[in-house]
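Colleague: Here's a structure for you.
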Amino acid sequence: MVGRNTRIAIIGGGMGGLTAAIALTRIAGVQVTVFEQASRLGEVGAGVTIAPNAARVLDSLGVLDRVRSAGAVPDGHGVYLDAMGGMVTDAAWEDTAGQYQNIGMYRPDLIDALAEQVDPAKVRLGHRLRSVERDGAGVRTTFENGVEEVFDAVIGADGIHSVVRGAVDQHPEPVYSGYIVYRGVMDASRLPADWPMISQVWMGDSRHFMAYPLQQRRLFNFVAGIPSDRPLDGPWSGPAEVSELAAEFSGEGWDPRLQHFISLIDKTFWWGLFDHEPLTNWSRGPITLLGDAAHTMLPHQGQGVSQAIEDSMALATFLAAADDVSDIPEAFRRYTAIRMQRTAILQHGSRRAGAMFDAQHEFQDLMKRDADIRVGRDFRRGAVFDYDARKVAEQALSRFRKVQFA
């Protein structure tokens with residue numbers, strides 16, 4: 001079976017790549033090397049959600065307590081509000097059993113929590129990938145710093161601009177959503193003492209604003225979606241003035257509480273929102289994809305990082321069942337077969353959620369929008385949050401074995 005003598009390269013030291021390193025080491029027992037193009041592990045200073053389906057994976061890997069201690073579990077259900085702060089519906093950010101809840105994470109804190117679980121000697125910084133190509137039974141990786149190395153397999157966790165994706169003959173064009181987001185964090189001590197420690201989403205005038213707690217409630221994350229053509233004419237992101245953000249939610253049509261929140265922000269950045277259509281394949285031989293490299297999605301369901309975490313568990317489960325290195329391509333094919341449909345559904349679901357928040361397309365009918373958001377609460381619990389990536393992979397393995405020996 002695969003084990004300590006099996007060498008696998010993970011391209012990308014972000015949240016997906018680090019989780020994959022933990023899972024492959026602890027479940028499949030293989031030797032991993034993580035290559036990160038930056039000079040240090042880190043992430044932009046903004047928030048991210050660890051959804052219950054991802055928390056379940058992290059619990060299985062033995063890292064949930066550390067992650068939870070660095071994050072913030074809300075006081076209860078979140079809320080969806082209209083522009084003036086009127087309640088549309090609550091948002092149940094927990095699984096059906098109430099065992100796992102959403103965790104608001106400051107991205108650098110999540111990177112630190114995951115990196116602590118990976119042997120530092122197995123992380124190589126300052127390695128920007130130039131190419132990946134088959135080399136006999138293995139895979140040759142070439143980096144811009146001149147380093148070349150052959151591995152038994154390569155996993156591309158290198159994001160929306162993935163280099164590894166080209167090695168599986170997938171070349172999707174980025175799809176611009178028509179929206180940018182202003183993002184950032186603020187010191188929670190700036191907020192009124194009675195500010196609710198839950199997620200809140202204000203929706204109105206083709207835009208929305210979300211806020212939720214991080215870092216044991218010492219920080220508050222904010223994300224504001226605004227229609228804009230800016231990324232089509234230049235960079236996809238950059239610094240922004242808080243006054244720009246404030247102007248988007250000014251006037252009598254917006255909740256004064258939201259306007260007060262925005263007045264307390266001291267710094268923000270903007271990002272263009274891009275995704276791509278679902279890929280037709282993730283794997284070729286001993287090369288496969290994970291996370292945004294495989295399924296870049298919009299952030300409106302809070303599932304981007306969570307799906308990378310699910311990928312990591314599924315991939316490790318299939319690799320652990322491989323008899324030897326020659327079986328890795330089959331393990332990757334099985335992983336691809338199981339994961340592609342779920343992530344494609346969530347890619348499209350994230351687009352749909354954005355249209356709901358911003359009253360676009362059929363959701364210009366606000367009664368329909370509000371009804372869909374209410375119905376979506378229990379759907380998320382059952383279809384998204386209750387999903388057990390390890391159990392699904394193990395059940396699939398049983399089916400594959402039955403077919404093999406039929």
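The values are calculated or read from the model by the stated rules, or taken from the named source; none is laboratory data. This is a predicted model, so every value here is computed, not measured. Because the Cβ atoms are built from the backbone with ideal geometry, glycine has one as well, and the counts that use them run over all protein chains shown. Side chains included, ligands, DNA and RNA excluded: accessible areas come from the protein's heavy atoms. Shrake-Rupley method; radii C 1.70, N 1.55, O 1.52, S 1.80 Å.
Colleague: Averaged per residue, what accessible surface does the range 93-177 expose to a 1.4 Å probe, in Å²?
Modeller: For the range 93-177, the solvent-accessible area averages 46 Å² per residue.
Colleague: Oh, and also: Rounded, prolate or oblate: which fits the chain, taking a ≥ b ≥ c as square roots of the Cα gyration tensor eigenvalues, rounded meaning a/c under 1.5, else prolate when a/b beats b/c?
Modeller: Because a/c hits 1.5 or more and a/b exceeds b/c, the chain counts as prolate.
Colleague: Of all accessible surface on the range 317-398 at a 1.4 Å probe, what whole percent is carbon and sulfur?
Modeller: Its accessible area is 53 percent carbon and sulfur atoms.
Colleague: For the range 286-346 and the range 185-244, what is the separation of their Cα centres, given in Å?
Modeller: Going from one Cα centre to the other spans 30 Å.
Colleague: Would you kindly derive the ³J(HN,Hα) couplings of the range 319-336 from the backbone phi angles with the Karplus curve 6.51 cos²θ - 1.76 cosθ + 1.60 (θ = phi - 60°), listing them in order in whole Hz, with x for Gly and Pro?
Modeller: Computed from phi, the couplings for the range 319-336 are 5, 4, 8, 6, 6, 7, 4, 5, 8, 4, x, 5, 4, 5, 5, 5, 4, 4 Hz.
Colleague: Just the number, please: carbon plus sulfur as a percent of the accessible area of the range 1-46, 1.4 Å probe, no ligands or DNA/RNA counted.
Modeller: 44 percent
Colleague: Applying the Karplus parametrisation 6.51 cos²θ - 1.76 cosθ + 1.60 with θ = phi - 60° to the phi angles of the range 153-168, what ³J(HN,Hα) value in whole Hz is obtained for each residue in order, glycine and proline being reported as x?
Modeller: Using θ = phi - 60°, the values come out as 7, 9, 10, x, 10, 9, x, 4, 9, 3, 7, 4, 4, x, 6, 9 Hz.
Colleague: Determine the sum of side-chain charges near Arg380: Lys and Arg each +1, Asp and Glu each -1, restricted to other residues whose C-beta is under 13 angstrom from that of Arg380.
Modeller: Net charge around Arg380: -2.
Colleague: Which one of Gln101, Gln200, Gln360 has the biggest mean-square fluctuation once the chain is modelled by GNM with Cα springs under 10 Å?
Modeller: Evaluated over the chain, the most mobile residue of the options is Gln360.
Colleague: What does the accessible area of Lys267 come to, in Å² to the nearest 10, when a probe of 1.4 Å is used?
Modeller: We get 120 Å² for Lys267.
Colleague: Residue-wise, which Karplus ³J(HN,Hα) couplings in Hz belong to the range 53-65, taking 6.51 cos²θ - 1.76 cosθ + 1.60, θ = phi - 60°, and x for glycine or proline?
Modeller: Running phi through 6.51 cos²θ - 1.76 cosθ + 1.60 with θ = phi - 60° gives 5, 7, 4, 4, 5, 4, 5, 4, 7, x, 10, 5, 4 Hz.
Colleague: Using a probe radius of 1.4 Å on heavy atoms only, what accessible surface per residue do you get for the range 215-270? Whole Å² is fine. Could you put the intermediate results ahead of the total?
Modeller: Details: 2920 Å² over 56 residues.
Computed with neighbouring chains in place, this is 52 Å² per residue.
Colleague: Could you quote the convex hull projected area for the range 239-351, Cα atoms only and averaged over all directions, in nm²? It would help to have the intermediate numbers written out before the result.
Modeller: Values: hull surface 37.7 nm².
Averaging across all directions leaves 9.4 nm² for the Cα convex hull.
Colleague: What size of dipole, in debye to the nearest 20, comes out for the range 26-161 about its Cα centre when the only charges are +1 on Lys and Arg C-beta atoms and -1 on Asp and Glu C-beta atoms?
Modeller: Magnitude of the dipole: close to 320 debye.
Colleague: Using a 1.4 Å probe on the protein chains only, how many percent of the accessible area of the range 143-267 belongs to carbon and sulfur?
Modeller: 49 percent
Colleague: Of the options Leu219, Ser250, His208, report the single residue whose Cα projects farthest towards the positive end of the charge dipole of the range 115-255 (beta-carbon charges: Lys, Arg +1; Asp, Glu -1).
Modeller: Farthest towards the positive end: Leu219.
Colleague: Counting Lys and Arg as +1 and Asp and Glu as -1, what is the net charge of the other residues whose Cβ lies under 12 Å from the Cβ of Gln117?
Modeller: Its environment carries a net charge of -1.
Colleague: Any idea what the dipole of the chain comes to, in debye rounded to 20, about its Cα centre with Lys/Arg Cβ at +1 and Asp/Glu Cβ at -1?
Modeller: Value, rounded to 20: 980 debye.
Colleague: List the relative contact order of the range 139-185 as a percent without decimals, with contacts defined as Cα pairs under 8 Å and 6+ residues apart.
Modeller: 19 percent
Colleague: Tally Lys and Arg at +1 and Asp and Glu at -1 over the other residues with C-beta under 10 Å from the C-beta of Glu362: what net charge comes out?
Modeller: Within the 10 Å Cβ shell, the charges total +1.
Colleague: Taking the mean number of other Cβ atoms within 10 Å as a proxy for protection, how do you rank 285-291, 339-345 from highest to lowest?
Modeller: Top of the packing list down: 285-291, 339-345.
Colleague: To the nearest 20 debye, what charge dipole does the range 299-406 have about its Cα centre, counting +1 at the Cβ of each Lys and Arg and -1 at the Cβ of each Asp and Glu?
Modeller: Charge dipole, the range 299-406, about its Cα centre: 240 debye, nearest 20.
Colleague: Something else now. Per-residue counts of other Cβ atoms within 10 Å, averaged by peptide: what ranking do you get for 214-224, 302-312, 145-155, 80-90, highest first?
Modeller: Ranking the peptides 214-224, 302-312, 145-155, 80-90 by packing returns 302-312, 214-224, 145-155, 80-90.
Colleague: Let me ask another. Taking the Cα centre of the range 247-406 as the origin and placing charges on Cβ (Lys, Arg +1; Asp, Glu -1), which of Ala320, Ser350, His300 is farthest toward the positive end of the dipole?
Modeller: Farthest towards the positive end: Ala320.
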